[in-house]
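Right, one structure below, let's go through it.
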Amino acid sequence: MTGAAVESVRPAGGEEPAGTGPASAEPVLPELRAMWWETGVRARAEAGLFAVFAELPRLVAEAVRVSWRTDRFRTSVVAVTTVGAGVMSAFGLLATQRVLVELFAGGPTGDKVMAALPALVALAVVTAIRAGMGIASGYAQNGLTPRVGRAVERRLFEVTTAVRLDAFDADAFADEMERASRGDEAVVSLVQASMNLLAGLAGLLAVGVAVVVIHPLLLLALLVATLPKAWATLRAGHLRYQTYIAGSVRRRRQWLLRRLMAERDSAPELRSYGLRRFLLDQYDRVMGVETDIQLALARRVTTTTSLGAVIGGLATGAVYVLLGLLLVDGRIPLAAAATCVVAVQAAQRSLDALTFQIDRVYTEGQHVGDYTGFLARATAYLPAEGGSGEAPPPLQEIAVRGLSLRYPDRDTPAVDDVTLTIRAGQTVAFVGENGSGKTTLAAMIALLRTPSAGVVEWNGRPLAEWDVGQLRARIAVVTQEYHKWPFTAATNIAIGDVDSEARQDRIEAAAARAVADDMIRELPYGYETLLDRTFAQGQDLSGGQWQRITAARGFLRDAELLIMDEPSSALDPRAEDALFQAIRDRQGRVTTILITHRLANVRHADRIFVLHHGVLVEAGSHAELMAAGGRYAELFALQAAGYDDTVDRHLPGQRRPTTS
């Protein structure tokens, strides 16, 4: 791996971990995925200068289109003032030349000043107008930028919140979304860079026009004096981009090591395992390589810019010699020569700005391409439109028929041809070992995932044929991988039913059922406590406390179907018992699907469905399944033996281990 600095799990001091040697050394930090910013930088590094210039018109046109759609008035103001500023620059040079003509003429000084006064007034007016146009352009751009950013970002979020959940399982979608997530910044930067590029180009053209008006030969002198430095600047930028992209993985390793050594989450294990010297050693290896590369880059860039400066200096000297010869020969007046000197300086300033904006437009343009490409490709993941739009009637029965789902990166299905029936008011349980397909099956019933085959029916009719929005409002889901929303405790519960009024009594009642009410009241600000330490006076909760908040979120919605996926994995025994008592109290009134590995909590379920490798292998009540002596009975016996030594771990018919 080029430039890899972190090569093996070897602590500081050169000692090798036990059982390892040079042949078995593994990278501490393996290859990392490409980041969003690498697309534009890599494209710029791989593109030649001619390719960059060829792409500029399309990118600038795209920026103008985005800006025009967002705010036509401010875009027009920027365009008019940009062109106007360039015209004023030309007039300013012509006025300067006229002032010098009058001042270099023969006669008394007072007469020369009076003769130059109209040109001086014109120069002052032109300068003032140009300054005013600059203010107007800046004001318009400042108002345009947030509008463009908002429009672009909102469009991205409209797509990311609408796509199906399975979109996030596809690596390509995740990578493209990560790159597109910078769309608002990229579009804003592209618009700004394009406007600045056009402004610099207008200024440069204005200088060229003014020079040609003064004397055509001066245009050649202007090009000779400015182009070498411009080339050197673009070439140096190209070298920087190439070096930057070549070291992207190395820098991200450095960034990762910085996080590991300076963040709260890693601090306890860093100290308990004594990882300080080990991580510092990894950091030194990364930074040693990075420092050498940066020094080599500095030498190359310095050589290139110095060469450009020398050539540019010689060219400028040649221009001044040419001006001297033209003056001696009487081909141009002294005022024109002086104006040419001013024009050369102005052109060099414009070119410096122009070369920077060219690089910026090209790089940001690649990010904008990622953004627009993602929006186009994401349409494939949007939910299919269909259904009668009819509101579903009260739940009587959920039927799962031949349901299967295969994840994109898996060879075997997560759920394989499952058929079962759940009647209204029943409490059923999905049980099985890790990876048996319980959560995936529940997600398809909850309309969170689209099956690869089969159908889920609500009262004998496929889910897709009902009004999906109203159907989802009838279902509450408490997920195993809950999100810690950075809101108050009350809001964290209230988001479980955003379509209803968030009354405090409903929130507290839901919290009480989830055994969370007393815990919340003990927080510094009760239900108004912010549950995120990022905020001032924010609080962090333990895993069990967060699980109570999540359960309360599910209880808040008056749903006909409640799906609870591992709702008590982090709860203490007392809280767990109270939570499952609340679930049992719902039995017979509403339908509940329970997923848990603690089989003692599903003994009272009306039906227990046992899954193994995605296949439904057993179904029945607790008593029926125990009597059958199958997989459920085996798992139950294993758990029970952990609490009672008198319980036999081996079912009838199984061979007991022999003892000596």
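A compact table of results
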{"item": "Flag for Gly588 being of a type outside the set (A, V, I, L, M, F, W, C) and part of a loop (DSSP other than H, G, I, E, B)", "result": "yes"}
{"item": "Any hit, the range 265-280, residues being over 30 Å from Arg533 (Cβ atoms) and of a type outside the set (S, T, N, Q)", "result": "no"}
{"item": "Residue within the range 528-550 that is under 17 Å from Thr592 (Cα atoms) and part of a loop (DSSP other than H, G, I, E, B) present", "result": "no"}
{"item": "Residue in the range 270-278 that is in the same structural domain as Trp255 (by TED's automatic domain parsing) and in contact (Cβ under 8 Å) with a residue 24 or more places away in the chain present", "result": "yes"}
{"item": "Any pair with Cβ under 9 angstrom, 6 or more apart, that starts in the range 314-329 at a residue that is within 20 Å of Thr226 (Cα to Cα) and ends at one that is part of a helix (DSSP H, G or I) and of a type in the set (S, T, N, Q)", "result": "Ala315/Thr226; Thr316/Thr226; Thr316/Gln348"}
{"item": "Candidates Arg410, Arg503 - the one that is among the basic types (Lys, Arg) and more than 30 Å from Ala633 (Cβ to Cβ)", "result": "Arg503"}
{"item": "Among the residues listed as Ala180, Ala225, Ala193, the single one being more than 15 Å from the chain's Cα centre (by Cα) and modelled with pLDDT of 75 or more", "result": "Ala193"}
{"item": "Sole exception among (1) among the polar types (S, T, N, Q); (2) in contact (Cβ under 8 Å) with a residue 40 or more places away in the chain; (3) touching a helix residue (DSSP H, G or I) at 6+ places or on another chain (Cβ under 7 Å) for Ser568, by number", "result": "(2)"}
{"item": "So Ala140, is it in a helix (DSSP H, G or I) and within 30 Å of Leu93 (Cβ to Cβ)", "result": "yes"}
{"item": "Checking Thr534 against (1) more than 28 Å from Ala443 (Cα to Cα); (2) touching a residue at least 40 places away in the same chain (Cβ under 8 Å); (3) touching a helix residue (DSSP H, G or I) at 6+ places or on another chain (Cβ under 8 Å), the condition it does not meet", "result": "(3)"}
{"item": "Residue within the range 556-565 that is at pLDDT 90 or above, over 30 Å from Val431 (Cβ atoms) and either acidic (Asp, Glu) or touching a His at 6+ places or on another chain (Cβ under 6 Å) (or both) present", "result": "no"}
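So that you can scan it fast, the table gives a plain yes or no per residue for (1) more than 19 Å from Glu618 (Cβ to Cβ); (2) assigned to a loop (DSSP other than H, G, I, E, B); (3) modelled with pLDDT under 85:
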residue	(1), (2), (3)
Phe356	yes, no, yes
Gln366	yes, no, yes
Pro383	yes, yes, yes
Gly389	yes, yes, yes
Gly402	no, no, no
Asp409	yes, yes, yes
Leu441	no, no, no
Val455	yes, no, no
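The values are calculated or read from the model by the stated rules, or taken from the named source; none is laboratory data. Everything numeric here is computed off the predicted structure, so don't read it as measured data. Don't worry about glycine lacking a Cβ; one is built from the backbone with ideal geometry, like all the others, and counts go over all protein chains shown.
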